[in-house]
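Undergrad: The structure follows.
What follows is calculated from the coordinates using simple rules that are stated; it is not laboratory data. Values in this document were obtained by computation on a predicted structure and should not be read as measured data. So basically every Cβ, Gly included, is an ideal-geometry build from the backbone, and we count neighbours across all protein chains shown.
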Amino acid sequence: MTMMETGAAIGRHHTCNEVTMLSPHELAALLLLRDLPEQFGLDQAELDALLEHQLVAVEKRPTGQERFHLTRDGHSVIQAVTRQS
């Protein structure tokens, strides 16, 4: 993955010159959600940021529970920061 692809995977372009980066806490939450999609106790602000960046999606179950899963962009971020191909 090139530096340009890595930067695009980690940050989302909101305008031509602005890139929003994930905080360390948001990145940690993304890693946790990859392994344990039914997370309880994660900070709501971090979940909201991941949803806003479209790195995770939420599925409401018939039981009322929420289950999070990584989107394609979320998986791209994980691959970029862990150097997986």
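Undergrad: Find how many whole Å separate the alpha carbon centroid of the range 55-80 from the alpha carbon centroid of the range 17-53.
TA: 10 Å
Undergrad: Same structure, new question: Using 0.36 nm per residue, how much length does the chain from residue 54 to residue 69 gain when fully extended, once their Cα-Cα distance is taken away?
TA: 4.3 nm is the gain from fully extending residue 54 to residue 69.
Undergrad: Highest first, please rank the peptides 29-37, 58-66 by the mean number of other Cβ atoms sitting within 10 Å of their residues.
TA: Highest-to-lowest ranking by the protection proxy: 29-37, 58-66.
Undergrad: Separate question: Distance from a point 7 Å along Cα→Cβ of residue 40 to each backbone N in the range 56-74: keep the residues under 14 Å and list them by number.
TA: Those under the cut-off are 64-67.
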